[in-house]
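The values are calculated or read from the model by the stated rules, or taken from the named source; none is laboratory data. Source: prediction; values computed, not measured. No Cβ is skipped: glycine too gets one built from the backbone with ideal geometry, and neighbour counts run over all protein chains shown.
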Amino acid sequence: MIDAELVFPGASGVPDFGCLRTAFGVGRQDELAVFAFDLMHRDGTDLTGLPLIERRKRLERLLVKSDAPCLHPVKCFDDGAALFIAAERHGLEGIVSKRHASPYRSGLSRDWVKTKTAAWREANRDRGANRWSSG
């Protein structure tokens, strides 16, 4: 079981959620991408108690063997501030920061934090959009 997000990369490579909704109805499924974040179970083994860094290593080893061109591991970054600036510059929704040693836990946790970019908040303020359930 992989924690991932299905996206439709827009012309600039930035996920386009509007196009994602219509991709299935207009036959553009071959343009979809899956960004994998975490590996929770593999071959009947529960991995959720392992540290994130170990689950990520196992996920990367698994994805290297995959021949699915649409499946991509999400890179880990040590410089959260620089990553956030890049997310802001590209108009992305935000970033998720997780502790390397943390086990997998669904729901709110002190081991991870979601930070939305100002550009995304401004663009979605009037629509009341909040894709992140705990945001």
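Of note:
- Strands (runs of 3 or more DSSP E) within segment 27-104 that include 2 or more residues surrounded by 12 or more Cβ atoms within 10 Å (Cβ to Cβ) and hydroxyl-bearing (Ser, Thr, Tyr): none
- Of residues in segment 1-26 being aromatic (Phe, Trp, Tyr) and closer than 16 Å to Cys70 by Cβ, the one surrounded by the most Cβ atoms within 10 Å (Cβ to Cβ): Phe8
- Among residues of segment 106-135 that are modelled with pLDDT of 85 or more, those with a beta-carbon under 6 Å from a residue that is assigned to a helix (DSSP H, G or I) at least six positions away or on a different chain give the pairs Thr117/Ala87; Thr117/Glu88.
- Of everything listed in (1) of a type outside the set (Phe, Trp, Tyr); (2) in contact with a Leu (Cβ under 8 Å, 6 or more places away or on another chain); (3) at pLDDT 85 or above, the single unmet condition for Arg61 is (2).
- Selection status of Ala23, closer than 24 Å to Ala118 by Cβ and over 18 Å from the mean Cα position of the chain (by Cα): no
- Within segment 1-13, restricting attention to residues that are assigned to a loop (DSSP other than H, G, I, E, B) and touching a strand residue (DSSP E or B) at 6+ places or on another chain (Cβ under 9 Å), the residue that is modelled with the highest pLDDT is Met1.
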